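S.K.: Provided herewith is a single structure, encoded as structure tokens, for subsequent inquiry.
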Amino acid sequence: MTTKSSFSQRHPLLFGLMLIMAAMSLLAGGVAAFRHFMGTAASLEEGGDKLAVVRIQGIIDDSERTTGWINTLRTDESVLGVLVRVNCPGGAVAPSQEIFAALQKLAQAKPVVVSMASVAASGGYYVSAPAHLIVANPSTLTGSIGVIMELSNLEGLFDKLGIKRQALTSGKLKDAGSPFRAMTSDDRAYLTTLLTDIHEQFLADVAGARGLEVEALRPIADGRALTGNQALEAGLVDRLGGYDDALDELRAMCNAPADTPVVEQPEEERPLLQRILGELHLTVHSDLTPETLDLRLR
């Protein structure tokens, strides 16, 4: 007599995945329940004075959600001051400049303090510069004032594969940086001018925001990263400390009592799986369109 095997025996991998998903769902539910009973951060709709937090985390590749939140805080009269928590290794140039500009306007309206976490380098430092006070941990990696352009040359690979590319351009620099051919001296000179111009913009913005002379900043603006200790000596940050220290500084600047509510940006709506993974500090992402020309602040 043949005994019919169970589902778990016939499909052990699928059964295991189902168990993991069930456990993740239970954990996410438990976290949500804990937050419900322990209370949540204040919201802008609540009356009374409050402080607010802007979080800049991960690589900067888009600015709209962050600048939207910054602009909301700037125009809300109940927000006395803003803490910007930065944990960012850099990112794309234009979004970094947009966040810089939004924080610069915010700092003209109310006190702004930056708290640097593990890393606030390149684009992460760029967006920090407009703050009235920058607080970094002694081991924070920051600075890295520089621009990088990374280009691939796949010409040898395509030759081996027998792949030939033909390009019709309106000018000799239209396909500068193409991965299908070697870079010419004209290409290099042209792309270097782009890089140099963006670096000078970076230098000017940081120097202006920090009250420094560009030429005084230039010796350490060669792409090098600095620890919080070194950045303090170089004048890139104002004091050493963590998140709580920065929040205390903001309270003092705003004359806000210790029990003043702190507002965080509402979480954006995400699919259930992403919310579950977020509670577990896991991420799922897809990068199906690599950039031919990678120009970033890092």
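The values are calculated or read from the model by the stated rules, or taken from the named source; none is laboratory data. Quantities reported herein were computed from a predicted structural model and do not represent experimental measurements. Note that each Cβ is placed from the backbone with ideal geometry, even for glycine, and that neighbours are counted across all protein chains shown.
S.K.: Out of the residues in the range 213-235 that are of a type in the set (A, V, I, L, M) and closer than 16 Å to Pro89 by Cα, which is surrounded by the most Cβ atoms within 10 Å (Cβ to Cβ)? First the steps, then the outcome.
M.R.: Here is the first cut: in the range 213-235, the residues of a type in the set (A, V, I, L, M) are 214, 216-217, 220-221, 225-226, 231-232, 234.
Among the residues that remain, those that are also closer than 16 Å to Pro89 by Cα are: 221, 225-226, 231.
Details: Ala221: 20, Ala225: 19, Leu226: 22, Ala231: 25.
So the residue we want is Ala231.
S.K.: Moving on. With respect to Leu173, is the statement that it is surrounded by 14 or more Cβ atoms within 10 Å (Cβ to Cβ), among the aliphatic types (A, V, I, L, M) and in contact with a strand residue (DSSP E or B) (Cβ under 9 Å, 6 or more places away or on another chain) true? Steps first, answer last, please.
M.R.: Working: surrounded by 14 or more Cβ atoms within 10 Å (Cβ to Cβ): yes; among the aliphatic types (A, V, I, L, M): yes; in contact with a strand residue (DSSP E or B) (Cβ under 9 Å, 6 or more places away or on another chain): no.
Considered against the rule, which asks whether it is surrounded by 14 or more Cβ atoms within 10 Å (Cβ to Cβ), among the aliphatic types (A, V, I, L, M) and in contact with a strand residue (DSSP E or B) (Cβ under 9 Å, 6 or more places away or on another chain), Leu173 comes out as no.
S.K.: Follow-up. Which of the residues belonging to the range 39-78 are part of a strand (DSSP E or B), closer than 17 Å to Met253 by Cβ and over 23 Å from the mean Cα position of the chain (by Cα)? Talk me through it step by step, then tell me what you get.
M.R.: Of the residues in the range 39-78, the ones part of a strand (DSSP E or B) are 42, 50-57, 60.
From what's left, closer than 17 Å to Met253 by Cβ: 50-54.
Matches in the range 39-78: Lys50 only.
S.K.: Just to be sure I understand, how many residues within the range 206-234 are under 20 Å from Ser139 (Cβ atoms) and out of contact with any helix residue (DSSP H, G or I) (no Cβ under 7 Å at 6 or more places or on another chain)?
M.R.: We begin by selecting, within the range 206-234, every residue under 20 Å from Ser139 (Cβ atoms); these are 220, 223-234.
Now restrict to residues that are out of contact with any helix residue (DSSP H, G or I) (no Cβ under 7 Å at 6 or more places or on another chain): 223-225, 227-233.
The total comes to 10.
S.K.: So which pairs qualify, if the first residue must be in the range 235-261 and under 12 Å from Arg85 (Cα atoms), the second must be of a type in the set (D, E, K, R), the Cβ gap must be under 7 Å, and the two must be at least 6 apart or on different chains?
M.R.: Matching pairs, first to second residue: Tyr243/Arg85.
S.K.: Sort out for me the helices (runs of 4 or more DSSP H) sitting completely within the range 102-213 that have 3 or more residues that are under 22 Å from Leu73 (Cα atoms).
M.R.: Details: elements: 123-126, 155-161, 185-210.
Of the helices (runs of 4 or more DSSP H) lying wholly inside the range 102-213, those with at least 3 residues that are under 22 Å from Leu73 (Cα atoms) span 123-126.
S.K.: Quick one: in the range 124-156, of everything that is among the hydroxyl-bearing types (Ser, Thr, Tyr) and modelled with pLDDT under 95, which residue is surrounded by the most Cβ atoms within 10 Å (Cβ to Cβ)? I'd like the intermediate steps shown before the answer.
M.R.: First, the residues of the range 124-156 that are among the hydroxyl-bearing types (Ser, Thr, Tyr): 125-126, 128, 139-140, 142, 144, 152.
Filter once more, keeping what is modelled with pLDDT under 95: 144, 152.
On the way: Ser144: 25, Ser152: 14.
Going through the qualifying residues, I end up with Ser144.
S.K.: Okay, moving on. Look at the range 130-168 and say how many of its residues are out of contact with any Phe, Trp or Tyr (no Cβ under 7 Å at 6 or more places or on another chain) and in contact (Cβ under 8 Å) with a residue 12 or more places away in the chain. Quick ask: steps written out before the conclusion?
M.R.: So the first thing to find is which residues in the range 130-168 are out of contact with any Phe, Trp or Tyr (no Cβ under 7 Å at 6 or more places or on another chain), and the list is 131-141, 146, 148-153, 156-157, 159-164, 166-168.
Retained after the next criterion (residues that are in contact (Cβ under 8 Å) with a residue 12 or more places away in the chain): 131-141, 146, 148-153, 167.
Total satisfying the criteria: 19.
S.K.: Identify the residue in the range 51-72 that is buried (at least 22 other Cβ atoms within 10 Å of the Cβ) and touching a residue at least 60 places away in the same chain (Cβ under 8 Å) and, among all such residues, is farthest from Ala131 (Cα to Cα).
M.R.: Taking the range 51-72 as the starting set, the residues that turn out to be buried (at least 22 other Cβ atoms within 10 Å of the Cβ) are 51-52, 54, 56, 60, 63, 66, 70.
Now narrow it down to the ones that are touching a residue at least 60 places away in the same chain (Cβ under 8 Å): 51-52, 54, 56, 60.
Details: Leu51: 15, Ala52: 14, Val54: 12, Ile56: 14, Ile60: 18 Å.
Checked the range 51-72; the qualifying residue farthest from Ala131 (Cα to Cα) is Ile60.
S.K.: For Ala92, all conditions in the list (1) surrounded by 18 or more Cβ atoms within 10 Å (Cβ to Cβ); (2) at pLDDT 95 or above hold save one; what is the number of the exception?
M.R.: (2)
S.K.: Continuing with the same structure: Which count do you get for residues in the range 223-281 that are assigned to a helix (DSSP H, G or I), over 20 Å from the mean Cα position of the chain (by Cα) and at pLDDT below 70?
M.R.: The qualifying residues number 3.
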